[in-house]
Amino acid sequence: METKTRMSCEERKCRILSAVRKIFSRQGLEGTTTRELAKEAGVSEALLYKHYPSKEALYQAMLSSCDNEFMGEVKKIISLEPSTSTLVTLVHFLVSSLFGHRVPDLEIRLRLYLQSILGDGEFARFIMKQKQETCSVVPTISKSIEAAYIAGDMVQTSMPAALRALFVDRLTCALVSELLPTNPAVDYGVTREELIEHTVWFALRGIGMKDAAIQRYYNPKALALLSV
């Protein structure tokens, strides 16, 4: 009997998480009230608070609810030994995962992030902190930049490796954000696959990788198997 009650509770929580995604993406965290969230989920505010003590807790649960499969993939790729080859693989994985919308609830995350930075930025900082603690490839990209420099595959620059790695991440997110509307904000005049390849080349050159090294290690068709 107790097992049945717990399952019923879990099912209700799943329905709540599924229902609130739309309203969060439309109105953002700051613009959404718990009353609206409860109405969207078809429950009372009291019941909503019973499961989730705050809007932040509800949103975090919403993100975590479908991260498991993708997170396993991320953990596998960031465990690679830092090297020039790993650097190319990581940048391609980052770019292709975002452009291919393989990150769970990517559109909702991006919309909430953009709405937040137009406000006080509090929730944007929360999203970045959560990302850095759970699924960021940026630290491994940074270590691989240093390894590639030692291998002679990077040009000399005074810019810290950690900053270059972060630039790759933020550039990709900015480009993907422009493609959110049904009619994208910018027409790049190429296919999605070509845009991924151009972005990877631009990012690798931007962090200082030599063209010869990019040509040696970047095989889009082979790396695309990581994004299937």
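The values are calculated or read from the model by the stated rules, or taken from the named source; none is laboratory data. It should be emphasised that the depicted structure is a prediction, and the values quoted were computed from it without experimental measurement. Here the Cβ is made from the backbone with ideal geometry for all residues, glycine too, and neighbour counts use every protein chain on show. Only protein heavy atoms, including side chains, enter the accessible area calculation; ligands, DNA and RNA are left aside. Shrake-Rupley method; radii C 1.70, N 1.55, O 1.52, S 1.80 Å.
Taking the longest Cα principal axis of the chain as reference, the axis of helix 55-64 is set at about 50 degrees. Here the chain is scanned for GluC sites (Glu not before Pro) in DSSP loops (not H, G, I, E, B) that have at most 15 other Cβ atoms within 10 Å, and the longest stretch holding none of them is 31-177.
Using C-alpha pairs below 8 Å separated by at least 6 residues, the relative contact order for region 127-228 is 28 percent.
Counting only alpha carbon atoms, the long axis of helix 2-27 and the longest principal axis of the chain meet at about 60°. Here the accessible area is traced with a 1.4 Å probe on the protein chains. For region 31-179, carbon and sulfur cover 56 percent of it. Across the chain, the mean sequence separation of Cα contacts (distance under 8 Å, 6 or more residues apart), normalised by length, yields a relative contact order of 23 percent. Counting only aspartates and glutamates at least 8 places from Lys75 when in the same chain, those with an alpha carbon closer than 16 Å to its own are Asp67, Glu133. Its residue count N fixes a reference of 2.2 N^0.38 Å for the chain, and the Cα radius of gyration divided by that reference is 1.16. Put Ser44, Ser142 in order of accessible area, highest first, and with a 1.4 Å probe you get Ser44, Ser142. Counting only alpha carbon atoms, the long axis of helix 192-206 and the longest principal axis of the chain meet at about 60°. Estimated purely from DSSP H runs of n ≥ 4, each contributing -39500 (n - 2.57), the mean residue ellipticity at 222 nm for the chain is -22000 deg cm²/dmol once divided by its residues. Taking Lys and Arg as +1 and Asp and Glu as -1, the other residues whose beta-carbon sits under 12 Å from that of Tyr217 total 0. Remark: the Cα gyration tensor places region 97-142 in the oblate category, a/c being 1.5 or greater and a/b not exceeding b/c. Annotation: lysines with alpha-carbon distance below 20 angstrom to Lys55 (same-chain offsets under eight excluded): Lys13, Lys22, Lys39, Lys129, Lys131.
Ranking of Lys131, Lys22 by solvent-accessible surface, largest first: Lys22, Lys131 (1.4 Å probe, protein heavy atoms only, all chains present). Considering only Leu90, Gly119, Pro184, whose Cα is most displaced toward the positive end of the charge dipole of the chain, charges sitting on Cβ of Lys, Arg (+1) and Asp, Glu (-1)? Comparing the listed Cα positions along the dipole, Gly119 ranks first.
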